[in-house]
1. Give the separation of the Cα centroids, segment 19-33 to segment 162-238, in Å.
2. Which distance in Å, rounded to a whole number, links the C-alpha centroids of segment 115-135 and segment 338-398?
3. Straight-line reach from K231: which aspartates and glutamates have Cα under 16 Å away, leaving out those fewer than 8 places along the same chain?
4. What shape does segment 349-418 have by the C-alpha gyration tensor, where a ≥ b ≥ c are the square roots of the eigenvalues, rounded means a/c under 1.5, and otherwise prolate means a/b greater than b/c and oblate the rest?
5. Please give the contour-minus-distance gain from E109 to Y74: 0.36 nm per residue of separation, less the Cα-Cα distance, rounded to one decimal in nm.
6. Once you keep just the Cα pairs under 8 angstrom separated by 6 or more residues, what percentage relative contact order results for the chain?
7. When a/c is below 1.5 the answer is rounded, else prolate if a/b is larger than b/c, else oblate, so apply that to segment 286-374 with a ≥ b ≥ c taken from the square roots of the Cα gyration tensor eigenvalues.
8. For K149, list the lysines whose Cα falls under 17 Å from its own Cα; do not include residues on the same chain fewer than 8 positions away.
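The values are calculated or read from the model by the stated rules, or taken from the named source; none is laboratory data. Only a predicted model underlies this, so the values are computations on that prediction, with no experimental measurement involved. As a convention, Cβ positions derive from the backbone with ideal geometry for all residues, glycine included, and neighbour counts pool all protein chains shown. Please note that ligands, DNA and RNA were not included when accessible areas were found on the heavy atoms of the full protein model with its side chains. Shrake-Rupley method; radii C 1.70, N 1.55, O 1.52, S 1.80 Å.
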Amino acid sequence: MKGVILAAGKGERLRPLTDDRPKVILKIANKPIIEYILDNMYPFVDEFIIIVRYQKERIIQMLGDEFKGKPVTYVEQMEGEGSARAIYSAKDVIEDEPFIAVNGDIYFEREVFKGLMQAFRDKDAALAVKEFEDLSHFGMIEVEGGLVKKVREKPGRVRGYANLGIYIFKPEIMAFIERTPLSERGEYEITDTLNLYLKEGKRIGAALYEGYWNDIGRPWNLLELNEYILKTKLEHRIEGIVEEGATLIPPVEVGRGTIIRSGAYIIGPVKIGEDSKIGPNCFIRPYTSIGNHCHIGNAVEIKNSIIMDHSNAPHLNYVGDSIIGEHSNLGAGTITANLRHDSGHVRVEIKGKLEDSGRRKLGAIIGHGVKIGINVAIYPGRKIGSDSFVGPGVIVDRNVPPNTLVVVKQEKVISKRG
């Protein structure tokens with residue numbers, strides 16, 4: 001059986017982290033999102049088919065032509081948007097056998113495939129569903145006797161089963177995708193294809209999944225997933241050097257070539273990559289992941305954050321509930337605020353509209369290649385676009401677009417004393 005992973009999307013809701021790369025290669029707990037999917041799918045497929053388009057070279061360069069000995073084939077998505085069109089792009093490579101199809105921007109546990117296989121027995125297709133209290137952000141799957149009866153649009157704040165974006169199809173699904181009309185959103189939706197399938201009397205099994213699942217669509221979802229992985233998967237392992245006088249409270253993972261200098265105080269779960277420099281005299285709090293070739297220096301406090309590869313918080317910084325992309329640097333004294341004065345939920349601008357993150361604490365979302373000057377203060381939930389420069393003393397009270405220079409003009413009074 002082949003596994004098809006849909007990885008063609010731009011991930012616009014995750015900007016600025018996707019300014020120059022597809023979201024499936026963003027690292028959470030120092031591992032690309034797509035590799036979690038490949039690992040979980042691995043025992044159930046013989047070959048991986050990855051549907052690509054946006055920044056496809058980045059995915060191909062990262063994965064190559066095989067994953068742990070199993071071949072990887074790349075197929076560029078055909079013209080048109082939507083999950084149905086993405087699946088249809090694999091038409092010529094799936095051959096005459098059932099295949100698994102998975103959205104490339106979700107996280108789930110391996111057990112979902114066991115239930116999916118069972119639900120597929122003697123059926124024409126199967127999909128994974130999970131029960132939620134609020135289906136405002138999900139399509140609703142009506143289930144009866146283990147079978148899908150209907151797929152509905154987002155029904156609002158009601159309890160029910162949501163479609164998780166994990167399927168098994170027979171090749172005949174391609175003929176139904178050809179008949180799928182364009183949706184109101186201007187996309188070819190696989191949910192519309194499923195309703196066509198049901199109208200023809202096809203039987204779709206519903207695999208109830210009760211494990212952890214995350215739809216990684218917005219920046220704070222990265223923090224949620226980072227916390228979950230560190231809490232449930234991390235083992236205490238030290239492969240680098242820990243100087244005398246450093247304190248590590250397990251579980252803490254330290255990669256090869258990394259040095260933890262004296263005075264560093266680290267409370268796990270914390271994951272630190274390879275060839276990084278930590279300390280001296282810094283405080284790293286739980287649910288923080290720090291990538292490869294990073295520098296966390298003197299008098300720095302980091303809490304519940306993601307610091308990606310080649311990025312630095314070298315001195316006198318506070319980074320709370322924040323995400324810092326690759327190759328970025330915080331100047332001395334840079335502070336990320338993560339709490340509103342009224343303790344309300346932090347709202348973030350997503351595709352031009354303010355969205356409630358559902359979080360009381362959420363700091364900065366900083367893109368890749370960002371340089372920040374000394375004594376910069378960043379308001380909660382603000383985004384700084386990739387390759388931007390924020391000059392000394394700036395208060396970042398609104399989002400900064402990519403490739404932008406932000407400086408403050410200081411009025412000075414110079415006069416002789418006396």
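1. Here the answer is 19 Å between Cα centres.
2. Computed from Cα coordinates, the inter-centre distance equals 39 Å.
3. Within the straight-line limit of under 16 Å, K231 reaches these aspartates and glutamates: E109, E253, D321.
4. Details: a/c = 2.92, a/b = 2.01, b/c = 1.45.
It comes out prolate by the Cα gyration axes.
5. 10.2 nm
6. 11
7. It is prolate, given that a/c is not under 1.5 and a/b is the larger ratio.
8. Straight-line reach from K149, under 17 Å: K123, K130, K199, K202.
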